[in-house]
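In what follows, a single structure is set out as structure tokens and then discussed.
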Amino acid sequence: VVFQAVFNLLIPDHAADAFSPPRPVTQGPWDALVERLLGGLGRWDAEHFVFIAERGYLLEHNCAFLPLFPLCLRALAGLLPWASHLQPRSRLLLSAALLNALLAPLAAAALLGLGRAVLRQPRQAFLAALLFSVSPAGVFMAAAYSESAFAFLAFSAMWQLEQGHSWLSTLLFSLASGARANGLINAGFVLYARGKRFALQLQLGSASPRRLPWLGKQLLSLASSAALACAGIFLPFALFQYYAYLRFCGPGTDLGQAVPEPLLQLARDKGYRVAGVAGEKPPWCSQRFPLVYSYIQDTYWNVGFLRYFELRQIPNFLLALPVTLLGSWAAWTYISTNPRHCLTLGLERSKSEERGKARDGFCGPAVFVYVVHSTALLLFGFSCMHVQVLTRFLSSSSPILYWFTAYLLQEHEPLLWSTGTDNPTSGKPLRGKPHSSRGKGTSDNPIVRLLLNWRSITPLSKSILGFFLGYWLLGLILHCNFLPWT
């Protein structure tokens, strides 16, 4: 937050062709202060979230942004009585800064708990959570975006599912699908968990002829509970599509509020469709399944299969290259290490699992479903989305980016193998090591340790930390000044 305020002060804003609703001409001194300190958190898509929180879904293309995060902003802004003298935008920017300052650390804590449950290597899980704290998508975790909220809900839901709390995880997954549309794919975790449990019952000898009626009941119960859980996950998204239909397609729609003339003029200039304004109904209203979300992605942002594969988009593909390489490398590493486990979709218990000696860490059997989820998101994002958003898309949706980089650092960085006070490769004393007089439970921060000993770490470690911290810093410089970094 401090860095974005400094960069926003030193670097003039770029005149980007982005959504920018009209604002009051006059500002009080406190509004000017909030804009100066937090204005960098309200760039690009954040303008949509803040606008929705203030005025609701007044413009059709705002419906590409799901309602959970704007609702949270609006609720928190109403709970700040000492900010009542601020204009709505200032209150909402302040709410976004406070909300994400809470949600981002909670997401890191949820990732830590999930990593301990899945990886069963506390040090690797801790290192992954630290890497999340300097995520290459860090600017979006602080800005008025839904990334922190989605990461917290998704990682918490995965963690609860690993602990066997299936209905609590379904509730959290459901809330996540009210924050971002890619939360719908998280239904796969619920289906896989139930399918794996049933497959395990079959492998434990439950398929004898005497048990077939019981197995039939189990299968019916499994199918019904899975269908109910998936319906719960899809419900927020479906309800929002119905709300948008009533808002923009209903006969005689009346907003019950006056739309300011500057906003109407902006809509006329940009071709935005305004709810409640007489005119031809949107074409998506007459579809068999009227989905405003897919229509907006197609019409306003030209999102579709291979549509972004143009020569002029090469810089954006280069921007997404590091996370694409890491995601592909993670999938290849896991598949090549566990070919049989992947061919059987992780549903067959290996002998090592039966003996309780299954591999721990990133290449362990429990990571399979997360690798599948990450790879599916990577393929979809690379082929169908604006590829420059791939970094924040994966960083806020999947733990694999952090688990795999933590695994690489632990496997290939000798400095992290050391338990003494000297560097095993150079013999030079390490900086950032815990002093022997500290308490027994005290440990140092491995990321800080690597940075303090930058010259002696491996090229791979430098590449990983350079990517994370470089994108973290560049995001603050560029995004907060309306420069291309979305």
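The values are calculated or read from the model by the stated rules, or taken from the named source; none is laboratory data. Just so we're clear, the structure is a prediction, and the values are computed from it rather than from any experiment. All Cβ positions, glycine included, derive from the backbone under ideal geometry; neighbour counts span all protein chains shown. Note: accessible area is taken over every heavy atom of the protein model, side chains too, but ligands, DNA and RNA are not part of it. Shrake-Rupley method; radii C 1.70, N 1.55, O 1.52, S 1.80 Å.
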Subject >> Cβ-based charge dipole, the chain, positive-most Cα from Ala96, Leu71, Trp329 >> reply: Trp329
**OP:** Give the peptides 318-329, 178-189, 392-403 in descending order of average Cβ contacts within 10 Å, highest first.
**Re:** 392-403, 178-189, 318-329
**OP:** Could you pull out every whole DSSP H run in the chain that spans at least 18 Å of Cα extent along its own axis and averages -1.0 or higher on the Kyte-Doolittle scale?
**Re:** 88-119, 147-162, 187-201, 212-249, 321-337, 368-384, 459-479
**OP:** Rounding to the nearest 20 debye, state how big the charge dipole of segment 72-182 is about its Cα centre with +1 on each Lys and Arg Cβ and -1 on each Asp and Glu Cβ.
**Re:** 100 debye
**OP:** Could you tell me the accessible area of Tyr272 in Å² (1.4 Å probe, neighbours in place), rounded to the nearest ten?
**Re:** 40 Å²
Subject >> Accessible surface of Val277 - all protein chains present, 1.4 Å probe, nearest 10 Å² >> reply: 80 Å²
Original post:
Magnitude of the Cβ-charge dipole of the chain, K/R +1 and D/E -1, about the Cα centre, nearest 20 debye?
Top reply: 1560 debye
**OP:** State the cysteines of the chain left without a partner when partners are defined as other cysteines whose beta carbon lies under 4.7 Å away.
**Re:** Cys63, Cys72, Cys230, Cys342, Cys363, Cys384, Cys480
Original post:
Sorted by average packing, counted as other Cβ atoms within 10 angstrom per residue and highest first, what order do 280-287, 155-162 take?
Top reply: 155-162, 280-287
**OP:** Select from Cys384, Leu394, Met158 the residue farthest towards the positive end of the dipole of the chain; place +1 on Cβ of Lys and Arg, -1 on Cβ of Asp and Glu, and compute about the Cα centre.
**Re:** Met158
Original post:
Ranked highest first by the average count of other Cβ atoms within 10 Å around their residues, in what order do 52-60, 97-105, 127-135 fall?
Top reply: 127-135, 52-60, 97-105
Subject >> Charge dipole (the chain, unit charges on Cβ, about Cα centre) - positive-most of Phe467, Ala142, Phe240 >> reply: Phe467
Subject >> Pairwise centroid distance, computed over Cα atoms, of segment 54-92 with segment 305-325, Å >> reply: 33 Å
